[in-house]
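The values are calculated or read from the model by the stated rules, or taken from the named source; none is laboratory data. What you see is a predicted model; the values in this text were computed from it and never measured. Note that each Cβ is placed from the backbone with ideal geometry, even for glycine, and that neighbours are counted across all protein chains shown. These accessible areas exclude ligands, DNA and RNA; they are computed on the full protein's heavy atoms, side chains included. Shrake-Rupley method; radii C 1.70, N 1.55, O 1.52, S 1.80 Å.
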Amino acid sequence: MIARILTLAGGLAGAASLSQFPEFTQQYTQRLAGAVDELSRVVEDFDASARAEGLTRPEALSAMTGTPFVERRRIDMTRTLQRHAELRADLAALRGAGPFTRAYQMSHLDDSVIAKRAVEDFRPALPLTFEGITFAGVGLVLGALAMSLITNLVGMLLWPFRRRATTQ
């Protein structure tokens, strides 16, 4: 009886947790889009400055030498350009994915700064969309299976220590 209750509790916990995935990925994608927009402004400004001097982006980066400050800015700008390219690729992959295929795009939900901020502002909600209910169902099954497995393993580990019923 206790094992069934624990299995049900695990299933409900799994359902509640996994049902939030579609909403979290939507909020992550919104934050990601905001980050890409802001970095795009920085990149466009840098490219405009380079064009004004008759330089390509790589030439402009190479020209940033002479003082420790300017070289540090070159390193910072190189990192910004790389981050912009990575986040744009992540955003394109997530925007092209539907709510179910985002589960396969988990590698594009890996920016720790964006994820942390999305988690900070995330508020669980009752999933009334088809994908939310589907994820809840999958979570229910996975949670129930996990708890069933755990209770069975614990039962097997405790089996040698059980009192044996005496027959009279």
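Before moving on, here are some points about what is shown:
- What you get for region 27-103, charging only the Cβ of Lys and Arg (+1) and of Asp and Glu (-1), is a dipole of about 260 debye around the Cα centre.
- Distance from region 131-154 to region 84-114 (C-alpha centre basis), Å: 26 Å
- Accessible surface for the chain, divided over its residues, is 70 Å² per residue with a 1.4 Å probe.
- Label of the coordinate-derived value, Cα extents along the principal axes in Å, listed as (1) 70, 37, 26; (2) 100, 37, 23; (3) 62, 37, 23: (2)
- Net length gained if the chain between Phe161 and Ala63 were fully extended (0.36 nm per residue, minus Cα distance): 27.8 nm
- Measuring gaps between exposed loop sites in the chain (trypsin sites (Lys or Arg not before Pro); DSSP loop; at most 14 other Cβ atoms within 10 Å), the longest gap, sites not included, is 1-161.
- The relative contact order of region 60-148 comes to 15 percent, based on Cα pairs under 8 Å that sit 6 or more residues apart.
- In the chain, a dipole from Cβ-located charges (positive for Lys and Arg, negative for Asp and Glu) runs towards its positive end, and of Pro160, Gln26, Ala125 it is Pro160 whose Cα lies farthest in that direction.
- Of all accessible heavy-atom area on the chain, the percent that carbon and sulfur account for (1.4 Å): 62 percent
- Global size of region 69-141: 17.1, 57 Å for Rg and Dmax (C-alpha atoms, Rg to one decimal, Dmax whole).
- Rounded to the nearest 20, the size of the Cβ-charge dipole of the chain about its Cα centre is 1000 debye, with Lys and Arg at +1 and Asp and Glu at -1.
- Only Cα pairs under 8 Å and 6+ residues apart enter the sum, and on that basis the relative contact order of the chain stands at 53 percent.
- Net charge dipole size for region 114-166 [Lys, Arg +1 and Asp, Glu -1 on Cβ; Debye, nearest 20]: 440 debye
- Region 109-168: radius of gyration over Cα atoms, expressed as a fraction of 2.2 N^0.38 Å: 2.00
- Scattering profile of region 1-76 at q = 0.16, 0.20, 0.21 Å⁻¹ [log10 I(q)/I(0), Debye over alpha-carbon scatterers]: -0.75, -0.91, -0.94
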